[in-house]
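**Q** Just dropping this structure here.
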Amino acid sequence: MALEVTEARPLGKPIKRKEDARLVRGQGRYLDDIALPGMLYLALVRSPYAHARIKRIDTSRAKALPGVHLVLTGEDLAAKNLAWMPTLAGDKQMVLAVGKVLFQYQEVAAVVAESRALAEDAANLVEVEYEPLPVVVDPFYALEPEAPILREDRDPPSNRIFHWEVGDREATEEALRRSAVVVKERIRMPRVHPAPLEPCGCIADYQRATGKLTWYVTSQAPHAHRTVLSLVSGLPEHKIHVISPDVGGGFGNKVPVFPGYVCAIVASIGLGRPVKWVETRTENLTSTNFARDYHMEVEIGATEDGRVTALKVFTIADHGAFDAAADPTRFPAGLFSIVTGSYDFPTAFAEVDGVYTNKAPGGVAYRCSFRVTEASFLIERAMNSLALRLNLDPAELRLRNFIPPEKFPYRSPLGWTYDSGDYAATLKRAMEIIDYPALRREQAERRARGELMGIGVSTFTEIVGAGPSHTFDILGIKMFDSCEIRVHPTGKVIARLGTRHQGQGHETTFAQVIAEELGLTTDDVIVEEGDTDTAPYGLGTYASRSTPTAGAAAAVAARRVRDKARKIAAHLLEVAEEDVDWDGQRFHPVGAPARSVGMAEVALAAYTNLPPGMEPGLEASVYYDPPNLTFPNGAYICVVDIDRGTGQVHVRRFVAVDDCGTVINPMVVEGQIHGGLTEGFAIAFLQEIAFDDTGNCLAPNFMEYLVPTAVETPRWETDRTVTPSPHHPIGAKGVGESPNVGSPAAFANAVIDALAPLGVTHLDIPLYPWKVWEVLRQHGITE
Amino acid sequence: MFPAPFEYLAVRSVEEAIDALARHGYDAKVIAGGQSLLPMMKLRVAAPSVLVDLNRVEGLSGWQEDAQGLRIGATTRHAALERARPLAERYPLILATAPWIADPLVRNRGTMAGSLAHADPAADWGAAFLALRGQVEVQGPQGTRSIGADDFFVDIFTTSLAADEIITAVRLPRPVGHPEATYLKLERKVGDFAVVGVALNLEVDPEGRVAQAGIGLAAVGPKPLRAPQAEAALIGQRLSFNLAREVAALAAEAADPTSDQRGSAAFKRDMVRVFVQRGLESLRQRIEGRQPASA
Ligand SMILES: Cc1cc2nc3c(=O)[nH]c(=O)nc-3n(C[C@H](O)[C@H](O)[C@H](O)COP(=O)(O)OP(=O)(O)OC[C@H]3O[C@@H](n4cnc5c(N)ncnc54)[C@H](O)[C@@H]3O)c2cc1C
């Protein structure tokens, strides 16, 4: 039995998640739960070298193993013109290596066998002879003239993938020259990985009799995947059926198409049998899409009294061996130009150089709408450095520079039009909850005793909901999203959307949106996503875009249904349509609330008793092209204590006040904030996908890539302000990514704040104990 | 992540196990909790063709105390030791160390003997075993012998066990004075192997003087280490803040760490110092709490 959720007017209420009844009982159906008759298993042979020429591949021993059905190499795929595939970023990526490998763990061969264990055994029997080549690990070195060119397929030969810039360089440099104070900082956001609990995987099931391919895949964007697949494979799109079953976390990891997917599809078409490929944890961490790896240099100018004057940013973006980012096509550095943040900069300039190195390809937007985490981290860290230089409290500096409420819609110097926000109100709420003045007093007392306590502030602005068709597309496809609503004769609703949730709670929140508009309860509405044969086309769930796009489509579609329902209600109530009132739950004649009809009666009439001339049925389908993005914001304050002996940082308190506009379900929002803060905590203190000089990945499993548990996760205190988006049908903004975007700087700023009396202005994350220890000992602080 | 194919033998006696090892030589491995061996097999770092499972051998599980000390059978789980309240009085280091090992799932399966045989320099039992001056009881085709802690660890993942020998039990001597112990561990997150681990075991005479001292170090050398000079500096002394500082510095000198992702050698060495000092300080407070103030 699913939970009954019969509350009327559900919007804004903390309704329990409908999907949990099934998920917490272990009755979710994830990719690896699916077993088809006659299914075979695929395993990949991967490169131990980060850069090497392939001299020879001998598959004979693998092929000879009983139970092995197929062994594929790059040469086999090349014969089918499938050795390379396009990436969503407009680059191309090797499916199976041809000629050489470009990163450790790169896909070199694929083996298909009767069982997964057998496939792994056979993969071990594939012999590959390599000739190691010089390795490029450092993205700065990659741009040096003496660095080896990694991508011989590119013309002109260069390790620079792209140069992208935005803003007014001259005006910014001039403004910096005239500024009383200029602070410079080099800030690195290291390579991390989304590491969803469920790794990537698929089952390709090609039926020779029908020519139809059913592709089960852990996908955040099933429709986009179907289109890409059709373009790459030549299979007609209507003969590809993509099913994205329950998804065990995505965080951006499940937006791109991976070599294993292509191999499984090629194998299934070739063998006429279903073929399953599921990554191991190591494969997930080492080959399918890291995030970040931004090496940033910032200059921020200000007047003596702390008004910001200009911002200049230069960034090297390490994309690894292939640019496999999933950014909107016109944005090779994503929405990094949100880098002016919450502050009213008169002028700004940012440039990003994308670079190839011998590392795994990427980088995806890990819980962040395309490089927004990098941008927020940079500006929030830079504001901290500026406050230190000016000897101003970091909260005060922010209050002096926030874009004031009356300036919205606000046009930023880098080209965005912010929809709404009251940044000072959000920060003041956070300061009130944590009692900021008392904390600063306590800090002064502790400092006098030689204790290390720090307070970190981050007041970020997010940019989510890609996006308006005039600006946003992926490989030409506009970034709208969709909802189709069908009201059945008894007033029960099935709604299908073009998005694909992975834990965000769409089955509940979109049911709330629709039920609210139709005068129903969430129990009356089933939300379905992820099946391309049934759901309307949409670009999927990432970049906090579902509520701004598909959620808007749901509200608009429900209103269209209600418009028709009003006509039917007029017929049932025997009054003119203009004389019908909607009270949020029922229709009644104006001025006569005693006589009324609800959606159930209207729905029945839509199939049984229509006004003359009206088309039967009660449904609507909407493709929503958002007029703008939404700009959620938040104010986070973090308090840390540092152990003088070990350098360990203890997060004592963390207050997160978020503003995501209208809140559909406060409990779901809080859940999103908790999860994202935990990820932000991990990024600040625990995680890095590091490499040694020869390109060996140093964090290929959860022994080295550290995911926090309940034991180390701090206690989160959350609250909110509500500044609705003026252009969204219900005033909602995205929220899923805010905590990941906003929190890393709060943690880092708190640690820097604790160490500031020593003259420390910057330390790169992750803030491992040894890093802090080194600073302490350099300054003679010990136990 | 599947191991290479292997044959599985569920033996019923130690003799049967030794027989199997003798027959298959280096191709065979015994398995106890499987918590080190199976991950290595799944990564195909280890690929034994025969697994000899000790878990069904009668009499290998559980611990007993006698006049000489404590005997911990080879298949006794970490979790059983973590919960062995009766050991708190005489073997407090066991209870102090066990909760630091991995997570509850691993502790429900893993064994002390398996941990020692595996000889990971970062293992927590290794440091405790050295601090307690334990011995392993070993059985092989030639019969039984016992190996003292200082002779047991040879190098990284290497012990003085022969390929056809099995640890049947771990022995810990009965304390000569009143024992006080603590285990300190720097880990990056819960369940992580030690960045640095320090096992401290003091046996104190009725006057509050240290009669026996054990300082074992994890993850700061190619094998678990003992800090003999630091231990010697404690013998016959009452603990004091200054003594703790001096001993901590000596213990840090005994460490032989290498730099890696978890920190530089200098950092790890300093963590030994910080932890030994903190540990001795906490033991001093406990000892003074028990002693009349004048003694
Ligand atoms: C996720 C994880 C985290 C961990 N974290 C920690 C930690 O923080 N601290 C820590 O100390 N350990 C940790 N461990 C290791 C754990 O403690 C193991 O239980 C222990 O190292 C091995 O014991 P076992 O009984 O599982 O041995 P097995 O894995 O069964 O065997 C290990 C080795 O010892 C040999 N062996 C086993 N028993 C005998 C015997 N009686 N005689 C001779 N040889 C034998 C085997 O042949 C094998 O070579 C962790 C393990 C995991 C999986």
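**Q** Restricting the search to segment A:679-697, which residues are buried (at least 18 other Cβ atoms within 10 Å of the Cβ) and within 12 Å of another protein chain (Cβ to nearest Cβ)?
**A** Those that are buried (at least 18 other Cβ atoms within 10 Å of the Cβ) and within 12 Å of another protein chain (Cβ to nearest Cβ): A:Phe681, A:Ala682, A:Phe685, A:Leu686, A:Gln687, A:Glu688, A:Ile689, A:Phe691, A:Cys697.
**Q** Would you say A:Gly671 is surrounded by fewer than 24 Cβ atoms within 10 Å (Cβ to Cβ) and within 21 Å of the chain's Cα centre (by Cα)?
**A** Taking the combined requirement at face value, the residue satisfies it.
**Q** While we're looking at this one, here's another question. Inspect segment B:166-186 for any residue being within 14 Å of chain A (Cβ to nearest Cβ) and within 11 Å of the ligand (Cβ to nearest atom) and give the result as yes or no.
**A** There is at least one residue in segment B:166-186 that is within 14 Å of chain A (Cβ to nearest Cβ) and within 11 Å of the ligand (Cβ to nearest atom).
**Q** Assess whether B:Gly69 counts as being loosely packed, with under 15 Cβ neighbours inside 10 Å, at positive phi and within 26 Å of the chain's Cα centre (by Cα).
**A** The answer is no for B:Gly69.
**Q** Moving to a separate point now. If you go through segment A:508-530, how many residues are surrounded by fewer than 24 Cβ atoms within 10 Å (Cβ to Cβ) and either within 18 Å of the chain's Cα centre (by Cα) or closer than 18 Å to A:Leu23 by Cβ (or both)?
**A** Matching residues across segment A:508-530 total 3.
**Q** Quick check on A:Ala603: is it at pLDDT below 95 and outside any strand (DSSP E or B)?
**A** So A:Ala603 fails the test.
**Q** Quickly run through segment B:140-165 and pick out the residues that are part of a loop (DSSP other than H, G, I, E, B), in contact (Cβ under 8 Å) with a residue 60 or more places away in the chain and within 11 Å of the ligand (Cβ to nearest atom).
**A** B:Ala163, B:Asp164, B:Glu165
**Q** Could you pull out the residue among A:Ala448, A:Ala424 that is in contact (Cβ under 8 Å) with a residue 24 or more places away in the chain and farther than 15 Å from A:Val655 by Cα?
**A** Every option except A:Ala424 fails the conditions.
**Q** Another question, then. Listed residues A:Ala78, A:Ala122; which is surrounded by fewer than 19 Cβ atoms within 10 Å (Cβ to Cβ), under 28 Å from A:Leu42 (Cβ atoms) and either of a type in the set (Gly, Ala, Ser) or away from every other protein chain (no Cβ under 14 Å) (or both)?
**A** Matching residue, one of A:Ala78, A:Ala122: A:Ala78.
**Q** Ok, one more. So if I check each of B:Tyr26, B:Tyr91, which one is within 28 Å of B:Leu130 (Cβ to Cβ) and surrounded by 19 or more Cβ atoms within 10 Å (Cβ to Cβ)?
**A** B:Tyr91
**Q** Which of the residues that make up segment A:631-680 are of a type in the set (S, T, N, Q) and either in the same structural domain as A:Gly551 (by TED's automatic domain parsing) or more than 29 Å from A:Thr521 (Cβ to Cβ) (or both)?
**A** Those that are of a type in the set (S, T, N, Q) and either in the same structural domain as A:Gly551 (by TED's automatic domain parsing) or more than 29 Å from A:Thr521 (Cβ to Cβ) (or both): A:Asn633, A:Thr646, A:Gln648, A:Thr678.
**Q** Then there is this: Is one or more of the residues making up segment A:713-736 modelled with pLDDT of 95 or more and within 14 Å of chain B (Cβ to nearest Cβ)?
**A** yes
**Q** Looking for something at positive phi and away from the ligand (no atom under 16 Å from the Cβ) - is there at least one such residue anywhere in segment B:187-204?
**A** no
**Q** It is to be established whether one or more residues within segment A:43-61 are among the polar types (S, T, N, Q), within 30 Å of A:Val352 (Cβ to Cβ) and more than 14 Å from every other protein chain (Cβ to nearest Cβ).
**A** Checked against the condition, which is being among the polar types (S, T, N, Q), within 30 Å of A:Val352 (Cβ to Cβ) and more than 14 Å from every other protein chain (Cβ to nearest Cβ), segment A:43-61 yields at least one hit.
**Q** Being within 14 Å of another protein chain (Cβ to nearest Cβ) and touching a strand residue (DSSP E or B) at 6+ places or on another chain (Cβ under 6 Å): is that true of A:Trp770 here?
**A** The answer is yes for A:Trp770.
**Q** Still on this structure, I have one more. Among the residues that make up segment A:651-665, is at least one of them within 14 Å of another protein chain (Cβ to nearest Cβ), out of contact with any helix residue (DSSP H, G or I) (no Cβ under 6 Å at 6 or more places or on another chain), buried (at least 19 other Cβ atoms within 10 Å of the Cβ) and part of a loop (DSSP other than H, G, I, E, B)?
**A** Checked against the condition, which is being within 14 Å of another protein chain (Cβ to nearest Cβ), out of contact with any helix residue (DSSP H, G or I) (no Cβ under 6 Å at 6 or more places or on another chain), buried (at least 19 other Cβ atoms within 10 Å of the Cβ) and part of a loop (DSSP other than H, G, I, E, B), segment A:651-665 yields no hits at all.
**Q** Please tell me if A:Pro236 is at pLDDT 95 or above, surrounded by fewer than 20 Cβ atoms within 10 Å (Cβ to Cβ) and out of contact with any Cys (no Cβ under 7 Å at 6 or more places or on another chain).
**A** So A:Pro236 passes the test.
**Q** Return the residue satisfying two criteria in turn: it lies in segment B:205-231 and is of a type in the set (Gly, Ala, Ser), over 13 Å from B:Ala128 (Cα atoms) and touching a strand residue (DSSP E or B) at 6+ places or on another chain (Cβ under 8 Å), and of such residues it is nearest to the ligand (Cβ to nearest atom).
**A** Looking at the filtered set, the residue picked out is B:Ala230.
**Q** Additional query: Which one of these is touching a helix residue (DSSP H, G or I) at 6+ places or on another chain (Cβ under 6 Å) and either crowded, with 18+ Cβ neighbours inside 10 Å or aromatic (Phe, Trp, Tyr) (or both): A:Val622, A:Val561, A:Val590, A:Val639?
**A** Matching residue, one of A:Val622, A:Val561, A:Val590, A:Val639: A:Val622.
**Q** Here's a follow-up. Which fully enclosed helices (runs of 4 or more DSSP H) of segment B:194-295 have 2 or more residues being polar (S, T, N, Q) and either within 14 Å of chain A (Cβ to nearest Cβ) or under 23 Å from the mean Cα position of the chain (by Cα) (or both)?
**A** In segment B:194-295, the matching helices (runs of 4 or more DSSP H) lie at B:265-290.
**Q** Return yes when A:Arg447 is modelled with pLDDT of 95 or more and not in a strand (DSSP E or B) and no when it is not.
**A** yes
**Q** With (1) modelled with pLDDT of 95 or more; (2) part of a helix (DSSP H, G or I) as the list, and A:Ser230 as the residue in question, which single condition is left unmet?
**A** Condition (1) is where A:Ser230 drops out.
**Q** A further question on this structure: Filter segment A:747-767 for residues that are away from every other protein chain (no Cβ under 12 Å) and over 23 Å from A:Leu392 (Cβ atoms) and give the result.
**A** The answer is A:Asp764, A:Ile765.
Let's see how each residue does on (1) in a loop (DSSP other than H, G, I, E, B); (2) of a type in the set (A, V, I, L, M); (3) in contact (Cβ under 8 Å) with a residue 60 or more places away in the chain:
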residue: A:Thr709; (1), (2), (3): yes, no, no
residue: A:Arg715; (1), (2), (3): yes, no, yes
residue: A:Val735; (1), (2), (3): yes, yes, yes
residue: A:Val741; (1), (2), (3): no, yes, yes
residue: A:Ala745; (1), (2), (3): no, yes, yes
residue: A:Thr761; (1), (2), (3): yes, no, yes
residue: A:Leu767; (1), (2), (3): yes, yes, yes
residue: A:Trp773; (1), (2), (3): no, no, yes
residue: A:Leu776; (1), (2), (3): no, yes, yes
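Residues are listed down the side, and each one gets a yes or a no for (1) touching a Pro at 6+ places or on another chain (Cβ under 9 Å); (2) away from every other protein chain (no Cβ under 14 Å); (3) crowded, with 23+ Cβ neighbours inside 10 Å:
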residue	(1), (2), (3)
A:Pro245	no, yes, no
A:Phe251	yes, yes, yes
A:Ala267	no, yes, yes
A:Gly270	no, yes, no
A:Asp293	yes, yes, yes
A:Glu297	no, yes, no
A:Asp305	no, yes, no
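**Q** Considering only segment B:102-135, how many residues are more than 7 Å from the ligand (Cβ to nearest atom), under 15 Å from B:Gly216 (Cβ atoms) and not small (Gly, Ala, Ser)?
**A** 8
The values are calculated or read from the model by the stated rules, or taken from the named source; none is laboratory data. Treat the numbers as computed from the prediction; the structure is a model and nothing was measured. Every residue, glycine among them, receives a Cβ derived from its backbone with ideal geometry; neighbour counts consider all protein chains shown.
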